[in-house]
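Below is one structure, written out as C-alpha cells; the observations come after it.
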Amino acid sequence: MIMKKQKSKKPTWIDVKKSLKDLESSRFIELVKELYQLSDENKNFLHARFKGGAVSLKNYKKIILDSLYLDVLDDNDNFDFEKADNAIKAYSKAANDNDGTADLMIYYVECGNKFTLDYGDINEAFYDTLIEMYEKAINAVCKLPKKKQEPLQKRLKNIMESADGIGWGYYDDLCHFYHEAFE
C-alpha cells in the first residue's frame with residue numbers, strides 16, 4: 001500500500017490573527033513587550049508607530065549612516081544599500097510620515113555623497129544607487145505642501161552643488177533631476 005505524503009500546512013497570518021483575537025489585553029501587551037525586546041528593528045518600528053518624531057528618525061538615520069558611511073579602517077565593511085533602503089521602508093510603514101520619509105531619503109543620499117567627498121570616487125553602481133534615491137527623494141518632496149518643501153529642497157540643492165566634479169555622470173544626473181523638479 002502506497003501512502004500519500006501529507007503536506008504540512010505552513011502557518012499563516014490568519015492563524016496568528018485567530019490566536020490574537022483570543023488573547024486578553026494583558027497577554028497581548030506582554031506579547032508586544034516580548035517582540036519589543038526581541039530586536040532593535042522591532043523597537044524602532046514600535047517607536048516610529050507610537051511615538052514618531054525626532055527620536056524615531058534618529059534611530060533610522062543611524063541605520064542609514066552605518067550602511068552608507070563606512071569605517072574605512074574596517075576591511076570587512078561594505079556598503080549595505082539594501083539595509084538602508086529597508087530602514088526607509090520600515091519607517092514609512094510604521095510612521096506613515098511623508099515628511100520623515102522624505103527626510104530619510106535625502107539623508108541616504110547625503111551619507112553616500114559625503115562619503116565620496118571625504119574619501120574619493122567609488123564606482124558607477126554606487127552613484128546609480130544614489131541617483132535613484134535622489135530622484136525618489138525629489139518625488140517625495142514634491143508631494144509635500146509647499147511650506148514643508150523649502151528646507152528639504154535646500155538640502156537637495158546642497159547635495160547637487162557639492163557633487164560638482166564627481167564622475168560617472170553623477171553630478172549631471174543630480175542637476176537634471178533637481179532642475180526638472182524645482183526650476
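The values are calculated or read from the model by the stated rules, or taken from the named source; none is laboratory data. Keep in mind it's a predicted model, so treat the numbers as computed, not measured. Ideal geometry is used to build each Cβ from the backbone, glycine not excepted, and the neighbour counts take in all protein chains shown. Just the protein is used for accessible areas: all its heavy atoms, side chains included, with ligands, DNA and RNA removed. Shrake-Rupley method; radii C 1.70, N 1.55, O 1.52, S 1.80 Å.
Worth a mention:
- Checked against the criterion of being in a helix (DSSP H, G or I), at positive phi and either touching a helix residue (DSSP H, G or I) at 6+ places or on another chain (Cβ under 9 Å) or in contact (Cβ under 8 Å) with a residue 12 or more places away in the chain (or both), region 18-33 contains not a single residue that satisfies it.
- Cross-chain or 6+ apart pairs with Cβ under 6 Å, region 158-178 first and without any contact (Cβ under 8 Å) to a residue 24 or more places away in the chain and within 13 Å of residue 127 (Cβ to Cβ), then of a type outside the set (S, T, N, Q) and open to solvent by 80 Å² or more (accessible area, probe 1.4 Å): 171/164
- Just one of the listed residues (93, 17, 10) is closer than 26 Å to residue 131 by Cβ, basic (Lys, Arg) and at pLDDT 85 or above, and it is 93.
- Those residues of region 115-134 which are touching a Leu at 6+ places or on another chain (Cβ under 9 Å) and not β-branched (Val, Ile, Thr), in sequence order: 115, 119, 130, 134
- Selection within region 70-127 - aliphatic (A, V, I, L, M), open to solvent by 70 Å² or more (accessible area, probe 1.4 Å), farther than 20 Å from residue 154 by Cα and assigned to a helix (DSSP H, G or I): none
- Residue count for region 129-145 under the criterion of being closer than 17 Å to residue 178 by Cβ and open to solvent by 70 Å² or more (accessible area, probe 1.4 Å): the result is 5.
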